[in-house]
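Heads up, the thing below is written out as structure tokens.
What follows is calculated from the coordinates using simple rules that are stated; it is not laboratory data. Because the structure is a prediction, the values reported are computed rather than measured. Cβ atoms come from the backbone with ideal geometry, glycine included; neighbour counts cover every protein chain shown.
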Amino acid sequence: MGLTVRPVGGEFGAEIGGVDLSRAPDATTRGDIVAAMDRYAVCFYRPGRAMADNAHLVLAKSLGPMDATPVFKITGRVKTRISPQLQDVANIDDKDELMKEGSRVILFRRGDRLWHCDMSFHPNRAVYSLLSAHEIPPEGGDTEFTDLRAAYDALPAATKARIEHLVAVHSIWYSRAAAGFPEPTAEELESRPPTRHKLVQTHPGSGRKTLYLASHASHIEGWPEDEGRVLLKELKEFATQGRFMYRHSWRLGDIVIWDNRCTMHRGTPYEDTRYRRDMRRATTREAAVSA
Ligand code: OGA
Ligand code: MN
């Protein structure tokens, strides 16, 4: 039997199943996953138990090129808990203990509670994120997604015309500051300078137009900063209305795959200094990464 695709509602969000994705997918399955992603933008797979890191990486690599090196530095972070090729999105330190209130890493993680796409602060954008649930808290910690192609389609024609050629500037340190992360250190700033991306893009897999927005976007190139900030805020508010959203309630072992080129997501709160939440992310890129 081939890949099954069960939409969660309309044209945004689907559950995929019917095949064992803990083995490298064959060409047909790979093509079916990409087709489902191009249509629904967020797909989840629910095997019932956590996938091993190696299998997670094999699945991600079958869908596109991946990072060879970390894309930024957090001062003081020791990262030995899981494979360096996976993003550690957990609230657990390298001694397998809950992180403490005020730790730089937990403050950094809370930045994920603002609407964003992954890695818009990098010139080589993220395509798919594959987030795998190894431990989930008893309450809270859902993840919300919003459909930026549908949001673009629903914009008034005058807004579409106004934003067509604009370029936004994105920085990881901008979004962290907005979420209460302290002043970045010199080594943090140097590890990932800002970058720029068009605000309206054509999604390669579907040919549909989409907004390309994130909490990382600080202003519009060539515009006074405050005006750009207002526009970005208005677009973000428009694009995150309930009618464009899917909310994922995690079960142990779930892998959610989202397309960062046409969606935003955010983590919802949970008691992160009380309950363990062990999530691990593999991220594919638009272009191969050499170093
Ligand atoms: C991510 C992310 C949100 C969450 O892994 O990129 O934003 O709910 N996660 O863990
Ligand atoms: Mn994210």
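Relative to one another, the C-alpha centroids of region 15-36 and region 88-120 are positioned 30 Å apart. Total lysine pairs in region 4-285 at Cα distances under 30 Å, for residues eight or more apart or on different chains: 21.
Each other residue within a Cβ distance under 10 Å of Gly253 adds +1 if Lys or Arg and -1 if Asp or Glu, for a net charge of +2. Applying 1/(1 + (r/R0)^6) with R0 = 35 Å to the Cβ-Cβ distance of Ala186 and Trp223 gives a FRET efficiency near 0.80.
Note on the chain: with charges restricted to the Cβ of Lys and Arg (+1) and Asp and Glu (-1), its dipole about the Cα centre is near 280 debye. Radius of gyration over Kirkwood radius for region 137-291, both on Cα atoms: the Rg/Rh ratio is 0.97. Modelled spin labels at Glu135 and Lys160, positioned 7 Å past Cα toward Cβ, are 4.9 nm from each other. If R0 is 25 Å, the Cβ-Cβ spacing of Arg247 and Val34 corresponds to a FRET efficiency of close to 0.55. Computed from the C-beta positions of Glu237 and Asp26 and an R0 of 41 Å, the FRET efficiency is 0.45 to the nearest 0.05. Its relative contact order, with pairs defined as Cα atoms under 8 Å and 6+ residues apart, puts the chain at 33 percent.
Per the Debye calculation on the chain with a single equal scatterer at every Cα and no solvent contribution, log₁₀ I(q)/I(0) for q = 0.08, 0.10 Å⁻¹ amounts to -0.32, -0.51.
A simple spin-label model places the labels of Arg6 and Arg77 3.5 nm from each other, with each point 7 Å out along Cα-to-Cβ. Seen from Ser171, the other residues with C-beta closer than 12 Å to its C-beta sum to a net charge of +2, counting Lys and Arg as +1 and Asp and Glu as -1.
Remark on region 102-156: Rg and Dmax equal 14.6, 44 Å (Cα only).
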